[in-house]
Structures are given as structure tokens and as C-alpha cells.
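These notes concern the structure reproduced below.
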Amino acid sequence: MGSILQNYEAAKSVYAELGVDTDKAMERLDGVSLSVHCWQIDDLKGFENPDAVLSGGIAAFGGAPGKPESREQYIEQIDRALGLIPGRKKLALHAVYLDRPGDGDVPRNSLEPKHFKFWVDFAKYRNIGLDFNPTYFSHPKAEDGFTLSSANEEIRKFWVEHGICCREIGEYFGKELEQTCITNHWIPDGYKDYTVDKLSPRLRLKQSLDEIFARSIDPKYNIDSVESKLFGLGSESYVTGSHEFYSNYVACRKNCIICMDTGHFHPTEEVSAKLSSYLAFNQEILLHVSRPVRWDSDHVVMLDDETKAIMREIVYCNALDRVHVGLDFFDASINRIAATAIGARNAKKAMLLALLEPREKLVKYEHEGNFTGRLALFEELKSYPFGFVWDMYCEKHSVKTYNWFEDII
């Protein structure tokens, strides 16, 4: 602790010369709850059928040892990963992570809050919140690549009922934990090759979403989001739930928000550049932070330029309360506990970096047309002792700072 405190005091003094209060920056970071996804730990297998083969464009590549072989091992590993992440956090669940004591097989359109009571007890023990995700894939009724936009009325109805069940579970989480649950809806629907009728599936998706969201739920307990994708395995040519479709849908509805996954866009697009367009209309946003590599979207989050730019935009727009940040990646080629912690710690680091920047000074340069000063200050900040502030933040939360991964890898 001695060296961490000494280093921190030096960094505090350096930042103070820029008018930045490092104590206040850490305090503001403490007000942000990062949503950590549960599926990195077991490659999104879940508890419904651990032997099931992923489908719907979902795939986890690699064979790193240590994958949990039982629910008990899974819980031990997710608990260990959460313990490596400083500050407030939530755990994002998928519907396939249900608990079903005495119920046997539970159809996805019959899920109830009781099937997730175990997770509520876990969250209370950990003092964290819960987010939720319906699982519209890896299921016999999704084998043809269509769910909520299916032309088969029986299949469409099944998935509508699943979505309704999941909203009720999200509401249950919010009431029990007194933290808003965000229930995020992503579907794999689309065509692999040339598509003639692009409108009909989108009209059916619009109808399905209207049916799912028909019952009003107090946003104090549950907020729904809809997540787009540019393309995926099996939907390379056409995705029903595109970014444009969902952007228009949420603009016309008051009971759901847009979800943007940082890996779901064209490689030349940057989500950081899109945020202010939604915030200008006072919209709330859910972000799934991942790292794209060429066409693949689900790599472990790094402290890279785009992650830093995203967090800077949120902070500079004073939108920490309107942009909900979660993680979404799964890599089976590396240690799964470490991957969860690496991605989460990097997201938190990027937030802290943004909070340590002298926004008022930078804005002043910009408004005065002093673009030289703006660029010079941005570049100088890159060598400021941010790491010492991060070390103190970890110390405050009793989270290991140095070589935290050595006991895992």
C-alpha cells in the first residue's frame, strides 16, 4: 500500500495542475455500474442443455483448458472473475442460464422468475445488479435462421412468448435487487445469400416486438433494448434486425432503447461517433463493448483507441446516467476467468481515463479555435500517470493490482 499511495499522491499533484481532481474522478467512476456478461466463462453453453451445439451465428473458437464441467465449477469461476473487477458491477445473464430444481425441462416460452431465484440470491450476496438476455438461438425452433421475423406463425408465436417471459424475469430482477434490469433482445434472423423480400420479415419483426412490449413495465425495474447486427454466420446478405430498423423502432416507441454492440458494424464505422446523435435526442443507450477483428465481433476488450473514444464521448456528453455499458465477448482460446477480468478492467480503465481528462480546458481551446492547443494537450495526456490512479482505485476496492493474473494462468 505504501508505494501505491506514494505514487498516487504524485499523480494527484500532476493532474491537479490541469485542474483535474483525481479523487472526484474515482468517486464518479464509483457511480457507474459495469454490466459483466456471464457467457465468457463457459462459451455461452448455459445450464439448459450444456451439450447443445451453438447456432444462430454464435460460435466460440478455441480449446483452452479450464472450462467449467459443472454448474458448481461455473459459479466458482464467475465469482472469482467478479472479484477481480473493482467498483460497481452487474451480471448480465442469458435465458439459458436458468435453474430448474424439480421442473425437468423448461420450455423457453414457459420461463418464470422462480427459475432465476438462484441468481437473485447470488446477486444479493455479491451486492450486484442483474441484466437479462432472451436466448433466441441454439434451439430447434431457430434452426431455419428465423425467430421473431419467422413466416411460420407457430415459431414466431413461440419466440414472442419467450420475449414476454424474459421481460417478466427482468422486472423480477429489478424489484428484488432494487436496481434497474436491462433486458436486451438480439435475434439471429436473416438470409445467407441474395434476398428479394426484405420488407416482410421486418414487418413481422415489428409486429413481434409490439406484442412483446405490449405490457407496460415501470422503467425503475426493467428497461428493454433491441440490438442490431450488420451480418453474422448464416446471415451474411440480410439481417432483419439491422441498425436502421432498430433505430427507427426505438424512435417510435417509448418503452425500449437502442443497443449498439461495438463489433456489429462495418469495420470502418465507429460507435463512438454515433453516440452524440442519440444523446442529442435525449435517448438512453445500451452499449455492448467488444472488440472486432476484421469481420468477427467478439474479441476480449482491450484498452484500445475506440474503447477510450467511446468512454470519452460518454463522459464529455455528461451521459454516464444515460449510456449503460456492458460487455459482450467470448474467447475459448484463452483462460476464461482472465478474459472476463481483462475485458472488464479495460472498460473501467477507459472510463477512468476519460474522467481524468480536463474537458473544460479542451472545450475552451476548441471553442476559441485553438486547435493546436487542443491537439497538444490531447497528446500530452497520453503520458500522464494514469496507471497510478488506477492502482489506487483497485486498492480502494481491495482488488489486486499488480500481477493479478498470475494465480489464474
Item checked: Cα-Cα over 32 Å, subset of 114/220; 117/308; 67/254; 141/274; 364/400 -> 117/308; 67/254; 141/274; 364/400
Checklist line | Nearest-20 debye value, the stretch 199-254 charge dipole, Cβ charges on Lys, Arg, Asp, Glu | finding: 160 debye
Notebook entry, point to check: Which far-off residues, 5 or more places away or on another chain, put their amide H under 5 Å from the one on residue 98, with H placed in the peptide plane?
Noted result: 47, 48
Next item on the list: Among DSSP beta bridges lying fully in the chain, give the percent that are antiparallel, nearest 5.
Entry: 10 percent
Item checked: Low-density loop cleavage sites - chymotrypsin sites (Phe, Trp or Tyr not before Pro) in the stretch 338-404, where at most 13 other Cβ are within 10 Å (DSSP) -> 402
Checklist line | Value at 222 nm in deg cm²/dmol, rounded to 500, when DSSP H runs of n ≥ 4 in the chain each add -39,500 (n - 2.57) | finding: -12500 deg cm²/dmol
Notebook entry, point to check: What GluC sites (Glu not before Pro) in the stretch 65-145 are in a loop by DSSP, with at most 16 other Cβ atoms within 10 Å of the Cβ?
Noted result: 69, 143
Margin query: Using amide H atoms built in the peptide plane, which far-off residues or other-chain residues are under 5 Å from residue 324 H to H?
Written below: 285, 286, 287
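Net charge near residue 224, counting Lys/Arg +1 and Asp/Glu -1 over other residues with Cβ under 14 Å of its Cβ?
Every neighbour counted, the sum reads -3.
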Checklist line | Taking the chain and dividing mean pair separation by its residue count, relative contact order in percent (alpha carbons under 8 Å, at least six apart) | finding: 21 percent
Next item on the list: Taking every Cα atom in the stretch 327-400, find the radius of gyration and the maximum pairwise distance Dmax, and write them in Å.
Entry: 16.6, 50
Next item on the list: Arrange the following residues from fewest to most other Cβ atoms within 10 Å of their Cβ: 328, 321, 21.
Entry: 321, 21, 328
Next item on the list: Within the chain, what's the longest run with no trypsin sites (Lys or Arg not before Pro) in a DSSP loop and at most 16 other beta-carbon atoms within 10 Å? Give the range, please.
Entry: 1-191
Checklist line | Over the stretch 132-274: Rg over Rh, Cα atoms, Kirkwood Rh | finding: 0.96
Notebook entry, point to check: So what is the relative contact order of the stretch 123-180, in percent, for Cα pairs below 8 Å that sit 6 or more residues apart?
Noted result: 43 percent
Check: Rule-of-thumb check for the stretch 33-344: C-alpha Rg over 2.2 N^0.38 Å?
Finding: 0.93
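The numbers here are math on the coordinates, done by the rules we state, and not lab data. Note that the structure is predicted; figures quoted are calculated from it, not measured. Because the Cβ atoms are built from the backbone with ideal geometry, glycine has one as well, and the counts that use them run over all protein chains shown.
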